Amino acid sequence: MGELFGTDGARGIAISSFTCETAMQIGRAVAALLCRDCEKPRIIIGLDTRVSAEVIQSALVSGICSMGVDAVIVGVVPTPAVAVLVKKNKACAGIMITAGISDYKYNGVKIFGADGFKISRDTQQQLEALVQDGNFELKSGSDIGHIYYDKDGQWDYVRHMLKLVDSDFHGIKVAIDCANGAACDCAGKIFRGLGATVLLINDLPDGENINRNCGTLELYGLIKTVVEEHCDLGLAFDGDGARCIAVDEAGRVLDGDRLMAIFAAFMQFSKKLNNNSCVVTKMTNSGFYKFARDAGIVTTATKVGGLHVIDEMRRSGCNLGGEKSGNIIFLDDETTSDGLLVGTKLMTVMKLSNNKLSELGKIMTANPQILLDAHVKEENKKKWRENSEITQLIVSYSGKLGTEGRIYVRESGTEPLVRIMIEGKKTGIITEYAKNIAETIERIYG
């Protein structure tokens with residue numbers, strides 16, 4: 001077995017790579033490690049809409065119960081709902097069965113501790129060691145765990161969301177792309193419950209259409225709906241409801257960087273931005289840093305990945321952090337990124353400021369940036385760093401860009417991809433550079 005946990009949980013091709021045996025062993029490991037000191041050991045289980053979800057759930061629950069720990073199944077809910085329900089129900093842990101932004105062929109798990117935060121890298125390593133060892137003390141007879149079905153779990157999350165919003169959204173018309181994923185059932189309940197007029201699209205999951213040409217990956221359908229239906233804004237979520245990208249009334253896209261600027265400015269104005277600072281990542285557009293400098297907001301950049309962002313937020317006391325991808329964390333309200341919470345926060349800013357989203361979006365000017373993926377074999381993901389042809393190409397292009405641009409290349413923590421980000425003054429040049437780097441990596445390691 002290779003490295004089990006990436007930047008956001010464990011995942012792989014469902015059944016063939018991320019196997020039922022792996023899921024069962026993870027269930028046993030989580031029960032053994034996170035429930036050992038619990039007076040009433042139980043684990044909350046949520047899932048998204050992938051065709052493999054219930055199969056993985058069966059194996060995972062079998063592993064949990066074989067350790068004498070109860071499994072509480074809440075059904076299809078967004079990933080942040082599991083974090084909320086863990087704390088509400090005082091469970092030992094929570095496990096979300098999902099592969100996030102990946103297509104339906106993938107599946108995996110995101111694991112939360114009793115405090116509602118995703119488990120640390122140290123805990124991930126301990127779980128991985130337990131899975132690889134596979135030597136568990138299994139229960140039998142009346143000592144095995146029980147399976148419970150929490151039919152109110154989704155509504156508990158919906159009520160939690162409704163309580164977090166200080167204003168109503170009457171008069172706001174919003175189109176919501178649910179990515180045929182975990183937010184399909186509750187997005188309408190939340191935003192209609194807050195008074196908005198809601199148009200849902202891509203809200204009919206069939207097990208295979210999650211993230212397919214929709215959600216945060218493909219915004220064309222949302223843009224078309226917003227413009228044709230004269231909506232005030234559009235919100236796109238990803239398959240597990242953790243990310244949010246917005247579209248203004250004219251169909252212009254607001255990515256995570258621009259949303260972060262809007263939130264940072266509003267929280268600063270409201271005197272709610274802790275330490276007058278926020279946490280971003282190395283992928284954040286340099287235009288955001290200029291906005292922050294001009295506003296007197298201190299920024300800290302971490303490695304890419306929500307876990308890195310939250311770790312730094314907790315260390316420094318920041319209550320706002322996020323990524324270009326739309327993972328945004330409001331630590332005063334929740335312990336993880338929540339696309340639906342981001343949507344309610346954005347509409348709250350619109351309502352309280354009495355501004356159209358297009359006006360709010362002018363808060364920062366983004367520099368041209370190109371993002372490309374190079375597809376490689378799983379075992380080759382990190383080898384590009386040791387290849388002189390690739391590294392020299394990157395150094396050469398970096399020199400040509402000079403102080404007016406930058407290049408950031410990294411491995412995906414979840415898929416067999418090497419991600420290339422280039423910023424510069426001229427879109428044509430940075431696109432050419434990114435394509436050449438991607439093609440070189442694929443030729444050697446694809």
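The values are calculated or read from the model by the stated rules, or taken from the named source; none is laboratory data. Everything numeric here is computed off the predicted structure, so don't read it as measured data. Note: ideal-geometry Cβ built from the backbone for every residue, glycine included; neighbour counts use all protein chains shown. Just the protein is used for accessible areas: all its heavy atoms, side chains included, with ligands, DNA and RNA removed. Shrake-Rupley method; radii C 1.70, N 1.55, O 1.52, S 1.80 Å.
Each row is one residue, and each column tells you yes or no for (1) more than 30 Å from Cys65 (Cβ to Cβ); (2) surrounded by 20 or more Cβ atoms within 10 Å (Cβ to Cβ).
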position: Gln154; (1), (2): no, yes
position: Asp166; (1), (2): yes, no
position: Ala179; (1), (2): yes, yes
position: Ala182; (1), (2): no, yes
position: Phe191; (1), (2): yes, yes
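Filtering the stretch 218-270 to residues that are among the acidic types (Asp, Glu), over 24 Å from Thr98 (Cβ atoms) and touching a Gly at 6+ places or on another chain (Cβ under 6 Å) leaves only Asp248.
Within the stretch 21-49, the set of residues being open to solvent by 10 Å² or more (accessible area, probe 1.4 Å) and out of contact with any strand residue (DSSP E or B) (no Cβ under 7 Å at 6 or more places or on another chain) comprises Glu21, Thr22, Met24, Gln25, Arg28, Ala32, Leu33, Arg36, Asp37, Cys38, Glu39, Lys40. Quick check on the stretch 248-264: of everything there that is within 20 Å of Ile328 (Cα to Cα) and free of Cβ contacts under 8 Å to residues at least 60 places away in the same chain, which residue is most open to solvent (accessible area, probe 1.4 Å)? Among those that are within 20 Å of Ile328 (Cα to Cα) and free of Cβ contacts under 8 Å to residues at least 60 places away in the same chain, it is Val253. Go through the stretch 264-310 and give me each residue that's modelled with pLDDT of 95 or more, within 18 Å of the chain's Cα centre (by Cα) and in a helix (DSSP H, G or I). Residues satisfying the conditions are Val309, Ile310. Scanning the stretch 173-223 for residues that are in contact (Cβ under 8 Å) with a residue 12 or more places away in the chain and in a helix (DSSP H, G or I) turns up Ala187, Gly188, Lys189, Ile190, Phe191, Gly193, Gly215, Thr216, Leu217, Gly221, Leu222, Ile223.
Taking the stretch 384-438, which residues are crowded, with 17+ Cβ neighbours inside 10 Å and part of a loop (DSSP other than H, G, I, E, B)? Matches in the stretch 384-438: Gly405, Ser412, Gly413, Thr414, Glu415, Pro416, Gly424.
Among the numbered conditions (1) more than 16 Å from the chain's Cα centre (by Cα); (2) hydrophobic (A, V, I, L, M, F, W, C); (3) more than 29 Å from Ser52 (Cα to Cα), the only one that Leu222 does not meet is (3).
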